[in-house]
Amino acid sequence: MKSESTQTTSSAIPRIYSKLPPPELEFPQILYQSHTVFWLLLSLCLFGYIFTTREDGDYSTNTRQGLFAVMGLMVFLGAMHFPDSEMMSRPHPAMWRMLMGLEVAYACLLLFLMFFRIEDARQLMKWFSQELGVELPEREYATDCRIFTPENPDSYFANVRNVVFDCYIPAHAIGWWFKMIIIRDVKLCTFLSLFFEFMEISLSHQLPNFCECWWDSVILDLLVCNGGGIYLGYLTCRYFEMKEYHWGVGRDSRNENERFSSVPRPALQFMPYSWSVHRWKIFDSCKNFVTTVWYIVFVNMVDLSNFYLKHLLWIPASHWLLLLRVLFWAVYAIIATREYYEYVQSGFTIRLGSHCWLSQFLQFLEWSFIIKNSKGIFLEPMPLWIQYVWTLIITFVVTTTLLLFYNDLRNSPRTKHSK
């Protein structure tokens, strides 16, 4: 086990030199010891019991159970032998090691599917659930954009009611609340919200469920769900930013009631030791601009791949497999974003975190699978006015990068000294 008192330097604001407090301040200490022999014996007994008592089923059942066993073994090996994260330790370091094991298992699954045709990959999804492998109709949200429907016997606002009670509405709000807590920048989150709505408009010719009515896109998505989630996330960030943290070192000014009656001690394990405000400062330098633009691209790639994988592999929107992927990336984004931010703010002087590295690799595999299997499916060309807008966006990004690069060169100490 690595020591949790690792000292690292960071240019994050506020500067935190000891991200993890001494391990003796945590409890119970028995949970922070490796116990490798115990887990080895327990795993041998568990797998031995499964192998001797399990009865073989049909080919599909055996394949599905074997696949889950392999993925479970990767998670278990990750929890036991993968390195601890240098950025996160709560609620327990083993959680982030298990997450890395799950990342490796997911990467292996994507790599495995890359060697199949899309028709075969759809049938292979039956290994996870017998409901999959069947073509699904795409739901369109813009077939009737009227707000008032007096002829409808159920409701005068039937179109609005159908959209409001869709499962994506609370999912959007919760998702943007969670994104705000991870990114911790209102301006960047607001831009990401606007940009994703534009991405939906840009790709509505490929994915029918991206076609939305104006009131659905502007009012429900942007203002209510995205805006409300970002605002709630901002309030959450402000709470943690202004919260007084007690690590158990020095005098604790709180009385006994304040110390033990407000939040149960087990619940504190799911709260941070301290809170760092993220200041992306996108236009301060060429480095900040390029790295933030790449982060914006990466976040949108993660969100969009969810819809493309669902469309290509015929996975229903309410299926547990799709929900599991969303939860996986939501938890994964916590540590991957923190590692990326620390890496950028350090001036690329520290090592890129393993979770962040794997996140880039996973997105490469996901989009490789999407591009490989999109031939002959997405044939309709992008509207001309969308192409013009994308040309303007790319021109702005390239021009701003060159201007900031020139400004950095002009203000560098070496250039000033030569003058």
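Can you find, within region 69-108, the residue that is farthest from residue 356 (Cα to Cα) among those that are part of a loop (DSSP other than H, G, I, E, B) and small (Gly, Ala, Ser)?
Ranking the candidates gives 89 first.
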Practice problem: Among the residues of region 301-347, count how many are more than 25 Å from residue 124 (Cβ to Cβ) and touching a residue at least 60 places away in the same chain (Cβ under 8 Å). | Solution: 13
Quiz prompt | 3 or more residues within 21 Å of residue 202 (Cβ to Cβ) and of a type in the set (D, E, K, R): qualifying helices (runs of 4 or more DSSP H) within region 302-419 | solution = none
Quiz prompt | Qualifying residues in region 131-160 (those that are charged (D, E, K, R) and farther than 20 Å from residue 211 by Cβ) - the one modelled with the highest pLDDT | solution = 131
Practice problem: List the helices (runs of 4 or more DSSP H) that sit entirely inside region 210-288 and contain at least 3 residues that are at pLDDT 85 or above and either under 30 Å from residue 148 (Cβ atoms) or open to solvent by less than 60 Å² (accessible area, probe 1.4 Å) (or both). | Solution: 228-242
Quiz item: Is it fair to say residue 151 is of a type in the set (Asp, Glu) and either within 18 Å of residue 308 (Cα to Cα) or open to solvent by less than 30 Å² (accessible area, probe 1.4 Å) (or both)?
Solution: no
Practice problem: Kindly check whether there is at least one residue in region 170-179 that is out of contact with any strand residue (DSSP E or B) (no Cβ under 7 Å at 6 or more places or on another chain), part of a loop (DSSP other than H, G, I, E, B) and surrounded by 15 or more Cβ atoms within 10 Å (Cβ to Cβ). | Solution: no
Quiz item: Does residue 357 satisfy the condition of being touching a Lys or Arg at 6+ places or on another chain (Cβ under 7 Å) and either modelled with pLDDT of 90 or more or over 29 Å from residue 400 (Cβ atoms) (or both)?
Solution: no
Quiz item: Does residue 86 fit the bill of being farther than 18 Å from residue 329 by Cα and acidic (Asp, Glu)?
Solution: yes
Quiz item: Among the residues of region 299-311, is any open to solvent by 20 Å² or more (accessible area, probe 1.4 Å) and hydroxyl-bearing (Ser, Thr, Tyr)?
Solution: no
Quiz item: Do we have any residue at all in region 334-347 that's under 15 Å from the mean Cα position of the chain (by Cα), open to solvent by 30 Å² or more (accessible area, probe 1.4 Å) and within 15 Å of residue 278 (Cβ to Cβ)?
Solution: yes
Quiz item: Looking at region 53-92, which of its residues are among the polar types (S, T, N, Q), modelled with pLDDT of 80 or more and farther than 25 Å from residue 112 by Cα?
Solution: 53
Quiz item: Of these, 64, 161, 146, which one is open to solvent by 30 Å² or more (accessible area, probe 1.4 Å), assigned to a loop (DSSP other than H, G, I, E, B) and of a type in the set (Lys, Arg)?
Solution: 146
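The values are calculated or read from the model by the stated rules, or taken from the named source; none is laboratory data. Everything numeric in this text was worked out from a predicted model, so none of it was measured. Cβ atoms come from the backbone with ideal geometry, glycine included; neighbour counts cover every protein chain shown. The accessibility values were calculated without ligands, DNA or RNA, using every heavy atom of the protein model including side chains. Shrake-Rupley method; radii C 1.70, N 1.55, O 1.52, S 1.80 Å.
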